[in-house]
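Structure first, commentary second.
The values are calculated or read from the model by the stated rules, or taken from the named source; none is laboratory data. This is a predicted model, so every value here is computed, not measured. All Cβ positions, even for glycine, are placed from backbone atoms using ideal geometry, and neighbour counts span all protein chains on display.
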2 protein chains.
Amino acid sequence: MKVRTYEEVSPKDLSGERNASRVEMKEMITGADGAPSFSLRVFRLGPEGYTPFHAHPWEHEVFVFEGTGSVVGEGTNYPLRKGCSVFVPQGEMHQFRAGGEGMAFVCCVPHKG
Amino acid sequence: MKVRTYEEVSPKDLSGERNASRVEMKEMITGADGAPSFSLRVFRLGPEGYTPFHAHPWEHEVFVFEGTGSVVGEGTNYPLRKGCSVFVPQGEMHQFRAGGEGMAFVCCVPHKG
């Protein structure tokens, strides 16, 4: 098995990419670890940070474990806090937005993502 | 998309099953939600709780978000705390054990699990 701490994984700063702001991602488990079909990443959004409002041909499985914010879809806006899960089906528009204290969540995707 | 809070999902008490103790699981995202290939569950272990020491033909992708404990393998024992990820390959023996304050983690598995 492979155990990692959050601190030992290098972050990828996604801020400014494709209309995102204050977004950091750490890839905790990927295909390079031998994971056969899906990856586990942790996203950390700074205060008022946001991911792009976009869609792609793979799903997201998300669990919020710190902070508060929301997830925006086509005409929808759900509040998020620690303990919320979000399933985003493939092809569906979505954007994660942090509140004033930021937000952190696990986001799993199939390897094609 | 589907958003759920931890509180609204009914727990499954796995204590006593197959040599486990003080284990509660909530299935946050499953195939019933339309997830095409893997599920996201949250496990909560009470103080000194533990999952079975077992193996199965599917992997685990785990992220600890509360508490402390350890993950035991064949001759290995890694400490765990908030921010640790664990990749358990298919077929590998493993057991999650909580410390005195309990431990909570996300555990994703392919649907065959």
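A search for C-beta distances below 7 Å between a residue of the range B:82-103 that is on the phi < 0 side of the Ramachandran plot and any residue that is surrounded by fewer than 16 Cβ atoms within 10 Å (Cβ to Cβ) and of a type in the set (D, E, K, R), counting only pairs 6+ apart in sequence or on different chains, returns B:Phe87/A:Lys2; B:Met93/B:Glu74; B:Ala98/B:Glu48; B:Gly100/B:Glu48.
Are any residues in the range B:1-17 touching a strand residue (DSSP E or B) at 6+ places or on another chain (Cβ under 7 Å) and either surrounded by fewer than 18 Cβ atoms within 10 Å (Cβ to Cβ) or among the hydrophobic types (A, V, I, L, M, F, W, C) (or both), and if so, which ones? If the condition is that a residue be touching a strand residue (DSSP E or B) at 6+ places or on another chain (Cβ under 7 Å) and either surrounded by fewer than 18 Cβ atoms within 10 Å (Cβ to Cβ) or among the hydrophobic types (A, V, I, L, M, F, W, C) (or both), then B:Met1, B:Lys2, B:Val3, B:Thr5, B:Val9, B:Pro11, B:Lys12, B:Asp13, B:Leu14, B:Ser15 are the ones that fit. Number of residues in the range A:61-113 that are in contact with a Cys (Cβ under 7 Å, 6 or more places away or on another chain) and within 15 Å of B:Arg4 (Cα to Cα): the value is 3. Here B:Gly16 qualifies as of a type outside the set (A, V, I, L, M, F, W, C) and at pLDDT below 95.
Restricting attention to the range A:1-29 and to residues that are among the acidic types (Asp, Glu) and in a strand (DSSP E or B), the residue that is nearest to the other protein chains (Cβ to nearest Cβ) turns out to be A:Glu27. Of the residues making up the range B:62-73, none is farther than 24 Å from B:Phe38 by Cβ and free of Cβ contacts under 8 Å to residues at least 24 places away in the same chain. Picking from residues in the range B:99-113 that are more than 11 Å from the chain's Cα centre (by Cα) and farther than 23 Å from A:Gly31 by Cβ, the one that is surrounded by the fewest Cβ atoms within 10 Å (Cβ to Cβ) is B:Gly100.
Per this entry, B:Glu66 is counted among residues that are among the acidic types (Asp, Glu), modelled with pLDDT of 95 or more and closer than 19 Å to A:Glu66 by Cβ.
Taking strands (runs of 3 or more DSSP E) as the structural unit, those lying wholly within the range A:60-113 and holding at least 2 residues that are within 18 Å of A:Val23 (Cβ to Cβ) correspond to A:60-72, A:84-88, A:95-110.
Checked against (1) surrounded by 14 or more Cβ atoms within 10 Å (Cβ to Cβ); (2) under 25 Å from A:Glu27 (Cβ atoms), B:Pro79 passes all but a single condition, namely (1).
Please work out if A:Gly67 is more than 8 Å from chain B (Cβ to nearest Cβ), in contact with a Ser or Thr (Cβ under 7 Å, 6 or more places away or on another chain) and buried (at least 19 other Cβ atoms within 10 Å of the Cβ).
no
For the range A:33-52, the condition holds for no residue, the condition being that it is part of a loop (DSSP other than H, G, I, E, B), at pLDDT below 95 and within 13 Å of another protein chain (Cβ to nearest Cβ).
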